[in-house]
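Novice: Just passing along the structure, written as structure tokens.
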Amino acid sequence: MTPFTFTRSLCLIGTILLLVSCSASKKSQVVKQEDDGLIEFVFIQANDVYEITPLQGGKVGGLARVATVRKEVLKENENTLTVNAGDFLNPSLIGTVKLHGEKIKGKQMIQVMNAVGFDLVTYGNHEFDLDEDELQARMNESNFEWTSCNTFQKSGETISPFYKMVNGEKHFSPKTYTWEISDADGTSIKVGIFGVCLPVNQRDYVHYDEIFESSRKAVAELSKTTDVVIGLTHLDIKQDIKLARMVSAEVPLMMGGHDHDNMCEQVGDTKIAKADANAKTVYIHRLTYNKKTDECTLKSELKQINDSIVDDPETVAIVNKWSDILMTKVSEIVDQPNSIIYNAEVPLDGRESSIRHKQTNLGGLLVEAFCKYSEGVDGAIINSGSFRIDDQIFGSVTPIDFFRALPYGGSIIEVELTGTLLKQVLDEGESAKGDGGYLQRHKLELENDQWIISGKALDESQNYTIAMNDFLLAGYDLKFFTKKNPGIISIKEPHPEDKNDIRRDVRLAVIEMLKERGE
């Protein structure tokens with residue numbers, strides 16, 4: 001053997017010994033990283049999201065920003081689940097627009113939510129604004145899971161879970177959802193999640209089981225098969241609190257929807273959390289579960305979604321596509337939808353927390369326009385539920401702002417009715433404070449429990465003519481108030497084909513009024 005060959009052999013032997021040593025060292029490190037029984041996981045919670053774009057002049061909200069937040073949280077902890085606690089398919093202005101002969105009806109939201117990366121949703125009452133075939137199409141298009149323990153599809157006498165078609169097969173929405181997770185040191189758990197929806201939107205194709213009993217059964221079943229149980233609820237806060245009292249020992253967190261303002265309530269061992277509507281905020285819930293003690297600790301952060309967060313490029317591309325479609329369609333109804341028609345130094349308040357509880361300047365503008373373009377009326381009313389922007393409009397106001405505020409549109413009608421019926425309508429509207437039936441009014445004031453009309457006390461023996469939106473006479477918010485009510489004397493409606501009659505669209509009336517003021 002030459003000196004060179006001998007030296008090379010020694011080097012080879014040394015390399016082998018080094019590799020063996022390193023391998024042994026790595027095995028030693030793996031052995032040392034024992035399961036500590038602790039595992040951390042995260043929920044990103046949104047609820048009641050109707051708009052895919054930012055609001056307030058681009059300052060707040062925007063699902064492309066939520067996508068960025070999600071990616072950042074995933075870098076922190078891959079055990080992250082992004083959820084929506086219901087109400088996202090309707091209402092929105094773009095949802096009322098027709099594309100290829102059909103109303104969009106939430107198609108834009110599904111595409112954007114898929115891009116964001118939502119994992120799990122429960123049904124909100126507004127999902128059932130859609131007809132059955134429309135909802136089915138949206139579910140088929142979704143990449144995320146749907147779950148509810150009390151909300152099912154009804155066909156005749158048959159009641160079964162809703163489903164979506166996946167690769168040609170029906171994938172039924174489970175009553176509960178199990179999320180299996182593990183971490184680097186081998187700790188693994190099952191997180192059980194139940195969804196529930198309040199039964200306020202009654203449709204022929206929807207069946208609701210009782211809220212509380214269904215939830216209790218779901219929690220009991222999940223408690224047997226999972227390590228920790230979480231709620232995903234679309235209930236009003238009073239119902240959430242009642243449910244939390246029933247399941248507090250088993251459920252550390254209930255992520256809720258339906259109420260549009262952020263809130264956090266502690267009921268026993270259960271935290272109830274709701275983010276602001278339209279993704280102005282999202283909740284980030286960081287949980288740590290101890291398998292050795294069965295203890296679960298929770299830290300919740302209300303994350304502001306604003307213009308300090310950059311848009312996720314992939315998501316914003318889809319948002320922009322739908323925004324362009326919307327602008328094209330609105331341009332067919334009103335000229336120059338992005339032109340400035342008004343400067344709102346004081347924000348026009350369309351927030352549901354305001355407009356469903358009191359008279360606001362946004363509501364006031366609408367009913368003032370009703371009177372301006374109607375002949376010989378004594379006052380005007382509109383139901384607050386017609387306003388769907390849940391936001392303030394400020395600064396440079398454009399026609400598109402009013403289309404977003406009132407996505408359903410509708411016409412202005414002039415109704416002659418008895419004083420007795422008018423009082424009943426006004427009283428009922430006042431008692432509906434907090435709901436969509438609360439009335440925004442013009443020339444109609446309540447003073448010391450007495451209704452005043454144009455400065456005079458309402459006289460039940462007289463007849464009055466009131467301008468209102470046509471929806472109000474459909475009997476939805478005020479069930480007794482329909483065209484068949486004997487207290488109605490006459491109804492004057494605009495002709496839908498008369499392009500010169502500005503009353504054909506409530507939005508055109510307020511836009512035209514503000515244009516005239518600016519000239």
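Novice: What's the Kirkwood radius of region 354-465 in Å, using all Cα pairs?
Specialist: It works out to 14.7 Å.
Novice: To continue, here is another question. Against the longest principal axis of the chain, how steep is helix 3-32, in degrees 0 to 90 to the nearest 10, with axes from Cα atoms?
Specialist: Taking the Cα atoms of the chain, the angle to 3-32 is about 50 degrees.
Novice: Can you pull the one-decimal nm distance between simple spin-label points at E460 and I241, each 7 Å off the Cα toward Cβ?
Specialist: If labels sit at E460 and I241, their model points lie 3.6 nm apart.
Novice: Tell me, what is the per residue accessible area of region 192-236 in Å², probe radius 1.4 Å? Could the numbers behind the result be given before it?
Specialist: Numbers: 1770 Å² over 45 residues.
Per residue, region 192-236 has an accessible area of 39 Å².
Novice: Calculate, for E72 and D261, the FRET efficiency according to 1/(1 + (r/R0)^6) with r their C-beta to C-beta distance and R0 25 Å; round to the nearest 0.05.
Specialist: So the FRET efficiency works out to roughly 0.50.
Novice: Per-residue accessible area for H495 at 1.4 Å probe radius, Å² rounded to 10?
Specialist: 110 Å²
Novice: Relative contact order (percent) for region 423-517, with alpha-carbon contacts under 8 angstrom and 6 or more residues of separation?
Specialist: RCO, region 423-517: 16 percent.
Novice: What nm value, rounded to one decimal, do you get for the distance between D36 and I340 when each label is placed 7 Å out toward the C-beta?
Specialist: Label-label distance for D36 and I340, simple model: 5.7 nm.
Novice: Give me the percent relative contact order of the chain, please, defined on Cα pairs under 8 angstrom at least 6 residues apart.
Specialist: Contact order relative to length: 14 percent.
Novice: Expressed as a whole percentage, what fraction of the accessible surface of the chain belongs to carbon and sulfur atoms when a 1.4 Å probe is rolled over the protein heavy atoms?
Specialist: The computed percentage sits at 48.
Novice: Angle check, please: helix 132-141 long axis (alpha carbons) against the longest principal axis of the chain (alpha carbons), in degrees 0 to 90, nearest 10.
Specialist: Helix 132-141 sits roughly 30 degrees off the main axis of the chain.
Novice: Expressed in nm², what is the orientationally averaged projection area of the convex hull enclosing the Cα positions of region 148-194?
Specialist: So the mean shadow area of the Cα hull is 4.7 nm².
Novice: With +1 on the Cβ of every Lys and Arg and -1 on the Cβ of every Asp and Glu, and nothing else charged, how large is the dipole of the chain about its Cα centre, in debye rounded to the nearest 20?
Specialist: Around 1300 debye, computed over the chain.
Novice: Given points 7 Å out from each Cα along the Cα-Cβ axis, report the T178 to S331 separation in nanometres with one decimal.
Specialist: 5.4 nm
Novice: Now for a separate question. Ordering M513, M246, M327 from largest to smallest accessible area (1.4 angstrom probe), what's the sequence?
Specialist: My answer, sorted largest first, is M246, M327, M513.
Novice: For region 247-406, what is the charge dipole size about the Cα centre, in debye to the nearest 20, if Lys and Arg each add +1 at the Cβ and Asp and Glu each add -1 at the Cβ?
Specialist: Value, rounded to 20: 380 debye.
Novice: If R₀ is 51 angstrom, what is the calculated FRET efficiency for the pair D498 and S308, using the beta carbon separation as r and rounding to 0.05?
Specialist: Numbers: r = 48 Å, r/R0 = 0.95.
That gives a FRET efficiency of 0.60.
Novice: Packing-wise, with mean Cβ within 10 Å as the measure, how do 383-393, 356-366, 147-157 rank, highest first?
Specialist: Going from most to least packed, we get 383-393, 356-366, 147-157.
Novice: Let me have the 222 nm mean residue ellipticity of the chain computed from DSSP H runs of 4+ only, each contributing -39500 (n - 2.57), with the sum over all residues rounded to the nearest 500. Display every interim value, and only then the final one.
Specialist: Values: 12 runs with 157 residues, N = 519.
Only helices count here, giving -9500 deg cm²/dmol.
Novice: Which residue, chosen from M468, L89, I284, occupies the Cα position most advanced towards the positive end of the dipole of the chain, where the dipole is computed from +1 (Lys, Arg) and -1 (Asp, Glu) charges on Cβ about the Cα centre?
Specialist: I284
Novice: Could you tell me which label, among (1) 64; (2) 44; (3) 49, carries the value of percent of Cα pairs over 33 Å apart calculated for this structure?
Specialist: Derived directly from the coordinates: (3).
Novice: Continuing with the same structure: Report relative contact order for region 275-349 in percent, whole number only (criteria: Cα-Cα under 8 Å, sequence separation at least 6).
Specialist: Details: 46 pairs, mean separation 15.0, N = 75.
Relative contact order, region 275-349: 20 percent.
Novice: Using heavy-atom solvent-accessible surface (probe 1.4 Å) with all chains present, what is the largest-first order of T68, T158? Provide the component values of the computation, followed by the final result.
Specialist: Numbers: T68 15, T158 85 Å².
Listed by decreasing accessible area, they come as T158, T68.
Novice: Right, next: Can you tell me the 0 to 90 degree angle between the C-alpha axis of helix 211-225 and the longest principal axis of the chain, rounded to 10?
Specialist: Computed tilt is about 0 degrees.
Novice: While we're on this one: Let me know the shape class of region 192-280, please: from the alpha-carbon gyration tensor, a ≥ b ≥ c as square roots of the eigenvalues, rounded when a/c is under 1.5, otherwise prolate if a/b is greater than b/c, or oblate.
Specialist: Details: a/c = 1.83, a/b = 1.10, b/c = 1.67.
It comes out oblate by the Cα gyration axes.
The values are calculated or read from the model by the stated rules, or taken from the named source; none is laboratory data. Predicted, not measured: the structure shown is a model, and the values here were computed from it. Counting neighbours? That spans all protein chains shown, and the Cβs are built from the backbone with ideal geometry, glycine included. Surface areas here come from the heavy atoms of the whole protein model, side chains and all, with no ligands, DNA or RNA. Shrake-Rupley method; radii C 1.70, N 1.55, O 1.52, S 1.80 Å.
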